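The values are calculated or read from the model by the stated rules, or taken from the named source; none is laboratory data. Fair warning: this is a prediction, and the values are worked out from it, not measured in the lab. Here the Cβ is made from the backbone with ideal geometry for all residues, glycine too, and neighbour counts use every protein chain on show.
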């Protein structure tokens, strides 16, 4: 039986892992990014760039 972690590692190694990035924020608007996360409105991952 494959564990979820092993399946994740397998996808990473094969290059088949797909992650939905919904919003990208600059560090200067971290408050907006945090609000988006807390309000659960992103619908995908939130990325904060420095």
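Taking the stretch 32-47 on its own, how many of its residues are without any contact (Cβ under 8 Å) to a residue 24 or more places away in the chain and part of a strand (DSSP E or B)? Residues that pass the stated criteria total 0. Scanning the stretch 33-46 for residues that are exposed (fewer than 12 other Cβ atoms within 10 Å of the Cβ) and over 29 Å from residue 7 (Cβ atoms) gives 35, 38, 39. Within this structure, residue 29 passes the test of being out of contact with any strand residue (DSSP E or B) (no Cβ under 8 Å at 6 or more places or on another chain), at pLDDT 95 or above, surrounded by 12 or more Cβ atoms within 10 Å (Cβ to Cβ) and not in a loop (DSSP other than H, G, I, E, B). Test residue 17 against the stated conditions and say whether it is over 14 Å from the mean Cα position of the chain (by Cα) and at negative phi. No. Each residue in the stretch 1-26 was checked for being in contact (Cβ under 8 Å) with a residue 12 or more places away in the chain and either part of a loop (DSSP other than H, G, I, E, B) or surrounded by 12 or more Cβ atoms within 10 Å (Cβ to Cβ) (or both), and 5 of them qualify.
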